[in-house]
Amino acid sequence: MTEPNITRWKEGLNLNMIDPGVRELVRLLRAAGFNTCDSGDGSKAKDMECAVPYPMVAIQVEKKYFFQELDRLGAFMARQGYPDWTVEGNASPLGPALLVCYDYPSEGL
């Protein structure tokens, strides 16, 4: 697989602007060539209409690499020691995306 915009993905990211609860994961994902495009640690859900109440990171992916990148992301998360995170893929009018979300244990909700 080629990584056509890897330089753009890594330039200009100010990790201090990323929520502390997902900052290290975003750094790791970017270093591995994933194009993260949205993230949050759940702390702003009460104050931001678009925020979700759990940690998540969204990743843009080219349509032709969707399944390949979904598999790569799942393997990456397991290798990095994130067993309680779910890896999902979805399609929207804006294009395909991958999503990693923290799965709270049911007794924690």
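The values are calculated or read from the model by the stated rules, or taken from the named source; none is laboratory data. Predicted model only: the values in this text are computed from it and were never measured. Every residue, glycine among them, receives a Cβ derived from its backbone with ideal geometry; neighbour counts consider all protein chains shown.
Annotations
- The stretch 40-67 residues that are under 16 Å from residue 90 (Cβ atoms) and polar (S, T, N, Q), paired with ones that are modelled with pLDDT of 90 or more and assigned to a loop (DSSP other than H, G, I, E, B) (beta carbon under 9 Å, 6 or more apart): 60/34
- Hits in the stretch 86-98 (condition: modelled with pLDDT under 80 and under 21 Å from residue 33 (Cβ atoms)): 94
- Scan of the stretch 34-44 for residues that are within 15 Å of residue 72 (Cα to Cα) and out of contact with any Phe, Trp or Tyr (no Cβ under 7 Å at 6 or more places or on another chain), ordered by number: 34, 36
- Of the listed requirements (1) exposed (fewer than 15 other Cβ atoms within 10 Å of the Cβ); (2) modelled with pLDDT under 90; (3) not β-branched (Val, Ile, Thr), residue 101 misses just one: (1).
- When residues in the stretch 50-98 are screened for being out of contact with any strand residue (DSSP E or B) (no Cβ under 8 Å at 6 or more places or on another chain), surrounded by 13 or more Cβ atoms within 10 Å (Cβ to Cβ) and among the charged types (D, E, K, R), 2 of them pass.
- Selection within the stretch 1-36 - of a type outside the set (Phe, Trp, Tyr), at pLDDT below 90, surrounded by 10 or more Cβ atoms within 10 Å (Cβ to Cβ) and not in a loop (DSSP other than H, G, I, E, B): 6, 10, 15
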